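Engineer: Okay, here's the structure, questions in a sec.
The values are calculated or read from the model by the stated rules, or taken from the named source; none is laboratory data. Just so you know, these numbers come straight off a predicted model, no measurement behind them. We place every Cβ from the backbone using ideal geometry, glycine too, and count neighbours over all the protein chains shown. The protein model used for the area step is the full one, side chains on, heavy atoms only, and it has no ligands, DNA or RNA in it. Shrake-Rupley method; radii C 1.70, N 1.55, O 1.52, S 1.80 Å.
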Amino acid sequence: MKRVVAIDGHNLALQRGTGVATYARNLANNLAEMGWDVSTLYGTPVSSKTAPLLREVQFFDSLGGAGFGQSKLSVVRNWAKEIVASPFGYRAAEILPSGSVETRRFADRLPTNAAILNVRSLFDIARRHFRRHGKFLEVRFPGKIDVMHWTYPLPVKVANVPNIYTIHDLVPLRLPYTTLDNKRYYYRLIKGCIGNGDHICTVSERSKDDIVDLFDVPPDDVTNTYQAVDAISWGAQKTQTEAEAEVKGVFGLEPRDYFLFFGAIEPKKNVGRLIEAFLSSHVDSCLVVVGSLAWKADEEMKLVNAMLKQRPELRRRIRLFDYTSRPFLISLIRAAKAVVFPSLYEGFGLPILEAMQLGTPTLCSSGGSLPEIAGDASVCVDPYDVGDIARGLRILDQDEQLRKHLALAGVERAKVFSADAYKTRLLQMYGRII
């Protein structure tokens, strides 16, 4: 009989992809390749009492961004039901694909062939329950599962099965001024995950050390599985020539003539210093920033907005894109002179791994786990030193031989984080608790 692992769909349901959503999707797909069955638990505002077809329609409507309005009476009624029901937990209901709903739009967001389960507004209810009672909300599955693997710290647990919680990093505690999290709540939540979980999973040795040190957790109770990402299969959909033609036609960029940053625009990502360094480096290449505006983005973008107003000609050198689809992003990575990611602190750093897999040189920071992931295959800079970042940009811009070396070294370094290595680490972790 196949093993069944359930994961949460908390981040998979978000309109804009996140690093945690990529982690969850890759985890599910690797488990499936290992021959295990996967169930995905969502918390969309869809009632289990709705007829099966309408439940399926509303689920994908919610993934597509639709809201579900409620009358004041319904809000009060649901609140009263929540107060009564939360202490006893909730039962997940399956969303059965009928083939009637066209779902290909979500192919790059949802795990392949994973069963879909849902508890109405699960994660919102769980947070309120945790704030009221200091306890994790219990969920029951309609069928047997062997382990519940939460891909993100959430105040929920599945009854009568081992629960694993992935803690990607402790940035809200290590760099509290870079996140909007309620730090008291976050601290209690992490302690709750450690106390309610049968095991803690993380994605780097740096993050493992932080968890062990800050929360006095026995090292054997935390497993670093690292991550795996499959940028190569996305890249294989186009030839290099096609990718470069796409970048030129869609974005108006010359291949190998721009540095690329991609990720959320927030204090932790250090985009403000990157732009300062770029402007002071006097390199001939462009800087392309792909990322949605997040918390304190206005502060990060203050300099560039002021400079673009005073010097409109800079718009040819600094290109800002709020969002691009995954296929376009892969083409941008492949055609870049280098991917630059001088983040203040990362639990892992997927942009660096994706660039290395695709043979694109990288610049990373000395903060958090990035040196651990990049090894000797990246130009490493002090993320707090604008001059050092500028130096790194100049070196990459001027030294073609170094770029060739880093491209080859990056491909080799990325093999440490291959799918096979990831599956081996997962098996070892699950074997300890199942």
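Engineer: Test R128 against the stated conditions and say whether it is open to solvent by 80 Å² or more (accessible area, probe 1.4 Å) and either of a type in the set (F, W, Y) or over 17 Å from A13 (Cβ atoms) (or both).
Structural biologist: yes
Engineer: What about R132, is it at pLDDT below 95 and outside any helix (DSSP H, G or I)?
Structural biologist: no
Engineer: I want to confirm something. Restricting to the range 173-213 and keeping residues that are open to solvent by less than 70 Å² (accessible area, probe 1.4 Å) and assigned to a loop (DSSP other than H, G, I, E, B), which single residue is farthest from N160 (Cα to Cα)?
Structural biologist: Only one residue fits best here, namely L175.
Engineer: Could you please find all residues in the range 140-161 being open to solvent by 30 Å² or more (accessible area, probe 1.4 Å) and either outside any loop (DSSP other than H, G, I, E, B) or in contact with a His (Cβ under 7 Å, 6 or more places away or on another chain) (or both)?
Structural biologist: Residues satisfying the conditions are R140, Y152, K157.
Engineer: Going residue by residue through the range 278-293, is there one that turns out to be over 21 Å from L363 (Cβ atoms) and surrounded by 15 or more Cβ atoms within 10 Å (Cβ to Cβ)?
Structural biologist: Yes, that holds for at least one residue.
Here's the yes/no breakdown for (1) surrounded by fewer than 20 Cβ atoms within 10 Å (Cβ to Cβ); (2) of a type outside the set (A, V, I, L, M, F, W, C); (3) under 19 Å from T18 (Cα atoms):
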residue	(1), (2), (3)
F215	yes, no, no
P218	yes, yes, no
S233	yes, yes, no
E244	yes, yes, no
V250	yes, no, no
R273	no, yes, no
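Engineer: Now, a different point. Does Y42 fit the bill of being under 23 Å from K423 (Cβ atoms), aromatic (F, W, Y) and in contact (Cβ under 8 Å) with a residue 12 or more places away in the chain?
Structural biologist: no
Engineer: Give the number of residues within the range 63-93 that are modelled with pLDDT of 90 or more and not in a loop (DSSP other than H, G, I, E, B).
Structural biologist: 3
Engineer: Any idea which residue in the range 320-335 is nearest to D230 (Cα to Cα), counting only those that are open to solvent by less than 10 Å² (accessible area, probe 1.4 Å) and of a type in the set (A, V, I, L, M, F, W, C)?
Structural biologist: Among them, the one singled out is I330.
Engineer: Please work out which residue is nearest to R273 (Cα to Cα), limiting yourself to the range 410-424 and to residues that are surrounded by fewer than 19 Cβ atoms within 10 Å (Cβ to Cβ) and among the basic types (K, R).
Structural biologist: K415
Table: residues versus (1) part of a loop (DSSP other than H, G, I, E, B); (2) over 17 Å from V381 (Cβ atoms); (3) within 27 Å of the chain's Cα centre (by Cα).
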site: T241; (1), (2), (3): no, yes, no
site: A245; (1), (2), (3): no, yes, no
site: G249; (1), (2), (3): no, yes, no
site: F259; (1), (2), (3): no, no, yes
site: K268; (1), (2), (3): no, no, yes
site: A277; (1), (2), (3): no, no, yes
site: S280; (1), (2), (3): no, no, no
site: D284; (1), (2), (3): yes, yes, no
site: M307; (1), (2), (3): no, yes, no
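Engineer: Now for a different question. Considering I395, I434, which residue is at pLDDT below 95 and farther than 25 Å from Q237 by Cβ?
Structural biologist: On inspection, the qualifying residue turns out to be I434.
Engineer: Same structure, new question: Is it the case that some residue within the range 220-230 is at pLDDT below 95, of a type in the set (A, V, I, L, M, F, W, C), under 30 Å from R334 (Cβ atoms) and open to solvent by 60 Å² or more (accessible area, probe 1.4 Å)?
Structural biologist: No: the range 220-230 contains no residue that is at pLDDT below 95, of a type in the set (A, V, I, L, M, F, W, C), under 30 Å from R334 (Cβ atoms) and open to solvent by 60 Å² or more (accessible area, probe 1.4 Å).
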